[in-house]
Amino acid sequence: MDKKRKNYLYQHSTMAALAHGLFSGTTTFKELMKHGNLGIGTLDEFDGELVILDGEPFQIRQDGKAYKIKANDTTPFASITYFEPDVQFTICDLETKAQIERKIASQTQGANVFYAIKISGNFRTVNTRVVPKQKRPYPPLIEAVKAQPTYQFDYITGTIVGFFTPLYITGIGVTGYHLHFIDDMRTLGGHVYDYALLDGVVEVAQQTGFELQLPQTSEFLRSDLNTPNMLEQIDAAEK
């Protein structure tokens, strides 16, 4: 892409593919990083959680630690945007995930569009989990996440990034909030399922468009992605 499209969400592959167990990487980070500077996703063989912050991609592995990603590493699923916030507010006292989400909802344009989210500051707690690396034959998503280790980080400074996806996009993305965390030292993080912020800044960018790139591998093209109870599986794995 020659021109940077700010607040234009680019996604590689679908959650339906992950639900079916298509975990092999189908695009490189050299290609993915042409489309943004903030994002989330996973790695080849479903090996952990992806955090893209300030144009730098990190892999959070099963040990909960962050590792730098190389240009020739690959991903089976990722979402990315050139982030420029149009809503920003400060948190000065302890607020929970639910309280912050209500504030975001009150200051944005409703639940029918995509939003990129960035929450930076001092967290009372961040609860994360990290999907373990898988091996062929890959299991369905619902089985792959059963052995996820969980972590609780108390009194930690860092950044949560991710996206809000409308409910009608089921099967393409994770509907609602899908968030990942990395600390300021870029040493640890994971998929966020709960948090409480002591003080910091919440930034939100409504996405003006959405581009979906589908893998062109024979495995993707020939798979039946109509997985039974797919939406329930995605919710159970990602929420």
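Filter segment 141-168 down to the residues that are under 19 Å from residue 230 (Cβ atoms) and more than 19 Å from the chain's Cα centre (by Cα) and list them by number.
143
The conditions are (1) out of contact with any strand residue (DSSP E or B) (no Cβ under 9 Å at 6 or more places or on another chain); (2) closer than 22 Å to residue 67 by Cβ, and residue 151 fails exactly one of them. Which is it?
Status for residue 151: all satisfied but (1).
May I ask you to list pairs of residues, at least six apart or on different chains, whose Cβ atoms are under 9 Å apart, with the first in segment 65-82 being within 22 Å of residue 116 (Cβ to Cβ) and the second being acidic (Asp, Glu) and at pLDDT 95 or above?
Filtered contacts from segment 65-82: 66/183; 69/56; 75/44; 76/44; 76/45.
Could you please let me know if residue 80 is surrounded by 14 or more Cβ atoms within 10 Å (Cβ to Cβ), closer than 21 Å to residue 190 by Cβ and touching a His at 6+ places or on another chain (Cβ under 9 Å)?
In short, yes.
How about segment 129-239: which helices (runs of 4 or more DSSP H) wholly inside it have at least 3 residues that are at pLDDT below 95 and buried (at least 19 other Cβ atoms within 10 Å of the Cβ)?
Here the list reads 230-238.
Within segment 45-63, is there a residue that is more than 23 Å from residue 219 (Cβ to Cβ), aromatic (Phe, Trp, Tyr) and surrounded by fewer than 18 Cβ atoms within 10 Å (Cβ to Cβ)? Before you say what the answer is, go through the steps one by one.
Within segment 45-63, the subset more than 23 Å from residue 219 (Cβ to Cβ) is 51-58, 60-63.
Filter once more, so that each one left must be aromatic (Phe, Trp, Tyr): 58.
Checking the rest, the ones that are also surrounded by fewer than 18 Cβ atoms within 10 Å (Cβ to Cβ) come to none.
The answer is no, given that none of the residues of segment 45-63 is more than 23 Å from residue 219 (Cβ to Cβ), aromatic (Phe, Trp, Tyr) and surrounded by fewer than 18 Cβ atoms within 10 Å (Cβ to Cβ).
Name the residues in segment 90-99 that are surrounded by fewer than 16 Cβ atoms within 10 Å (Cβ to Cβ) and more than 19 Å from the chain's Cα centre (by Cα), would you?
Once the filter is applied, which keeps residues that are surrounded by fewer than 16 Cβ atoms within 10 Å (Cβ to Cβ) and more than 19 Å from the chain's Cα centre (by Cα), segment 90-99 yields 90, 92, 93, 94, 96, 99.
The values are calculated or read from the model by the stated rules, or taken from the named source; none is laboratory data. Only a predicted model underlies this, so the values are computations on that prediction, with no experimental measurement involved. Positions of Cβ are generated from backbone atoms using ideal geometry, with glycine treated the same way; all protein chains shown enter the neighbour counts.
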